[in-house]
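Student: Before we start, here is the structure in question, set down as structure tokens.
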Amino acid sequence: DVKVTQSSRYLVKRTGEKVFLECVQDMDHENMFWYRQDPGLGLRLIYFSYDVKMKEKGDIPEGYSVSREKKERFSLILESASTNQTSMYLCASSTPWQTYTEAFFGQGTRLTVV
Amino acid sequence: DQQVKQNSPSLSVQEGRISILNCDYTNSMFDYFLWYKKYPAEGPTFLISISSIKDKNEDGRFTVFLNKSAKHLSLHIVPSQPGDSAVYFCAASNSGGGADGLTFGKGTHLIIQP
């Protein structure tokens with residue numbers, strides 16, 4: 001069974017803290033993604049990576065960075081957490097889109113910044 | 001500018017009847033379309049997809065229709081069941097454009113009434 005695992009289901013952090021969200025996939029997928037989901041806004045792409053050490057900005061990268069040191073692991077970093085980063089964060093992975101396959105999502109991390 | 005639009009934030013359907021969820025897109029480079037289903041506090045799960053070379057794809061109770069000239073797709077669920085109550089996201093990708101990620105609509109909350 002394919003699996004994308006996010007390290008935490010729920011997190012509460014203080015404003016100004018550095019926050020790490022970890023994601024691991026066991027499908028040997030090349031592509032990995034970080035989205036955030038907010039009510040009325042759908043899923044918005046923060047960053048993606050199509051190979052180890054490669055990263056590309058998505059639609060809303062401000063305030064975030066990412067790291068991909070190993071193929072199976074993609075980390076999202078909030079350099080200095082702010083209250084407007086309170087959200088549901090979703091990690092996903094996929095094979096290259098040329099193969100016409102879906103992206104698989106993790107269970108999500110509900111982050112609250114206080 | 002929103003490239004994938006789901007204009008109905010919510011839809012209520014009686015159990016046993018047909019549910020029709022609609023999605024419009026503006027980017028003519030999109031050539032692969034997907035529907036995801038999401039329950040609260042869980043990650044999205046893939047439902048069904050269609051590539052731009054087809055106009056219909058069926059999987060059990062779920063059928064997706066694609067009208068390329070109108071840049072419109074729809075998801076039909078027949079018959080609707082209580083477990084279908086969830087938020088449904090339409091998503092699109094450009095398979096020739098590298099990783100890029102999926103572009104999502106804002107979602108439609110489907111409520112199946114008993």
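Student: To one decimal place, what Kirkwood hydrodynamic radius in Å is obtained for the range B:1-65 from all pairs of distinct Cα atoms?
Tutor: On the way: mean 1/r = 0.0731 Å⁻¹.
Mean inverse Cα-Cα distance, inverted, gives 13.7 Å.
Student: Separate question: So who's got an amide H within less than 5 Å of the one on A:Thr86, skipping anything under 5 residues away but keeping other chains? H placed 1.01 Å off N, in plane.
Tutor: Placed amide hydrogens put A:Val113 under 5 Å from A:Thr86.
Student: Also, quick follow-up: Heavy atoms only, 1.4 Å probe, whole protein assembly: order A:Arg36, B:Arg61, A:Arg9 by accessible area, highest first.
Tutor: Putting A:Arg36, B:Arg61, A:Arg9 in descending order of accessible area: A:Arg9, B:Arg61, A:Arg36.
Student: Now a separate question. Hey, can you find the accessible area per residue of the protein assembly as shown for me, probe 1.4 Å, expressed in square angstrom?
Tutor: 47
Student: Provide Rg and Dmax in Å for chain A, with only Cα atoms included in the calculation.
Tutor: Rg, Dmax (Cα atoms, Å): 13.3, 42.
Student: For A:Glu79 paired with B:Asp1, estimate the spin-label separation in nm (one decimal), with each label point 7 Å from Cα along the Cα-to-Cβ line.
Tutor: Reported label-point gap for A:Glu79 and B:Asp1 is 3.0 nm.
Student: Something else: Going by a 1.4 Å probe on protein heavy atoms, which residues of the range B:32-57 end up with at least 30 Å² less accessible surface in the whole assembly than in their chain alone?
Tutor: B:Tyr32, B:Tyr36, B:Lys38, B:Ala41, B:Gly43, B:Pro44, B:Phe46
Student: Mind putting together the pair-distance distribution for the protein assembly as shown? All Cα pairs, 10 Å bins, whole percent per bin, short to long.
Tutor: Final binned percentages: 8, 33, 36, 19, 4, 0.
Student: Report ³J(HN,Hα) in whole Hz for each residue of the range A:79-84, in order, from the Karplus equation J = 6.51 cos²θ - 1.76 cosθ + 1.60 where θ = phi - 60°; Gly and Pro get x.
Tutor: Going residue by residue, I get 5, 8, 4, 10, 5, 6 Hz, with x marking Gly and Pro.
Student: Related question: Mind checking A:33-42 for the average number of partner chain beta-carbons within 10 Å of each residue's beta-carbon?
Tutor: Average per residue, whole number: 4.
Student: Let me know the Kirkwood hydrodynamic radius for chain B, please, with Cα pairs as the basis and the value in Å to one decimal. Each step should come with its number before you reach the end.
Tutor: Working: mean 1/r = 0.0705 Å⁻¹.
Answer for chain B: a Kirkwood hydrodynamic radius of 14.2 Å.
Student: So for the range B:61-114, considering every pair of alpha-carbon atoms, how many percent are separated by more than 19 Å? The partial results should precede the final answer.
Tutor: Numbers: 596 of 1431 pairs.
The answer is 42 percent, as a whole percent.
Student: Over 20 Å between Cα atoms: which of B:Lys5/B:Lys71; B:Lys71/B:Lys106; B:Lys37/B:Lys106; B:Lys5/B:Lys68; A:Lys13/B:Lys37; A:Lys13/A:Lys70 fall into that group?
Tutor: A:Lys13/B:Lys37; A:Lys13/A:Lys70
The values are calculated or read from the model by the stated rules, or taken from the named source; none is laboratory data. Note that the structure is predicted; figures quoted are calculated from it, not measured. Quick reminder, even Gly has a Cβ in these numbers, built from the backbone with ideal geometry, and neighbours come from all protein chains shown. What goes into the accessible areas is simple: the full protein's heavy atoms, side chains included, and nothing from ligands, DNA or RNA. Shrake-Rupley method; radii C 1.70, N 1.55, O 1.52, S 1.80 Å.
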